[in-house]
């Protein structure tokens, strides 16, 4: 069985994500998605997701092309993931091509970069829908993490 692994946040799941996942699955028999946790997104990537990790995980698990969803907790875990899940191919969006974050994985498995779908991105959707900040912030409402209850 050929195992494929990809990483991402997959917030506001859209047709670009679906196309990437379908193309990744076509490279093997078993697709593993390492889904960035809320903490990793906020603390390491500096971005707040609209949907929680659990909601994003549930959406990905509902897709027939996805066989397993695992947490992505940090940048350094990738080689361990490849070994633990016996991965044959790591697949990422083309904007990661040549990045040190993934190139070193060629010591352990094949690394492929797939072109992203033109005309759609989570950032674009958030900007167009004015969802860049949590709703509570947009409307001036108190937010739990700000100490309001």
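The values are calculated or read from the model by the stated rules, or taken from the named source; none is laboratory data. This one's a predicted model, so the numbers in the text were calculated from it and none came from an experiment. Note that each Cβ is placed from the backbone with ideal geometry, even for glycine, and that neighbours are counted across all protein chains shown.
Some values worked out for this structure:
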| quantity | calculated |
| --- | --- |
| Extreme residue, farthest from residue 77 (Cα to Cα), among residues of segment 1-11 that are within 8 Å of the chain's Cα centre (by Cα) and assigned to a loop (DSSP other than H, G, I, E, B) | 11 |
| Identity of the residue in segment 46-69, farther than 22 Å from residue 26 by Cα and assigned to a loop (DSSP other than H, G, I, E, B), that ends up modelled with the highest pLDDT | 52 |
| Filter result for residue 42 (under 14 Å from residue 57 (Cβ atoms) and out of contact with any strand residue (DSSP E or B) (no Cβ under 8 Å at 6 or more places or on another chain)) | no |
| Options 39, 43, 72: the member that is at pLDDT 95 or above and surrounded by fewer than 18 Cβ atoms within 10 Å (Cβ to Cβ) | 39 |
| Positions within segment 12-36 being assigned to a loop (DSSP other than H, G, I, E, B), in contact (Cβ under 8 Å) with a residue 60 or more places away in the chain and out of contact with any strand residue (DSSP E or B) (no Cβ under 9 Å at 6 or more places or on another chain), in sequence order | 12, 14 |
| Total residues in segment 76-100, condition at pLDDT 90 or above, part of a helix (DSSP H, G or I) and either under 27 Å from residue 15 (Cβ atoms) or touching a helix residue (DSSP H, G or I) at 6+ places or on another chain (Cβ under 7 Å) (or both) | 4 |
| Members of segment 48-59 that are in contact with a helix residue (DSSP H, G or I) (Cβ under 8 Å, 6 or more places away or on another chain), buried (at least 16 other Cβ atoms within 10 Å of the Cβ) and touching a residue at least 40 places away in the same chain (Cβ under 8 Å) | 49, 50, 51 |
| So residue 7, is it under 29 Å from residue 130 (Cβ atoms), crowded, with 18+ Cβ neighbours inside 10 Å and touching a residue at least 60 places away in the same chain (Cβ under 8 Å) | yes |
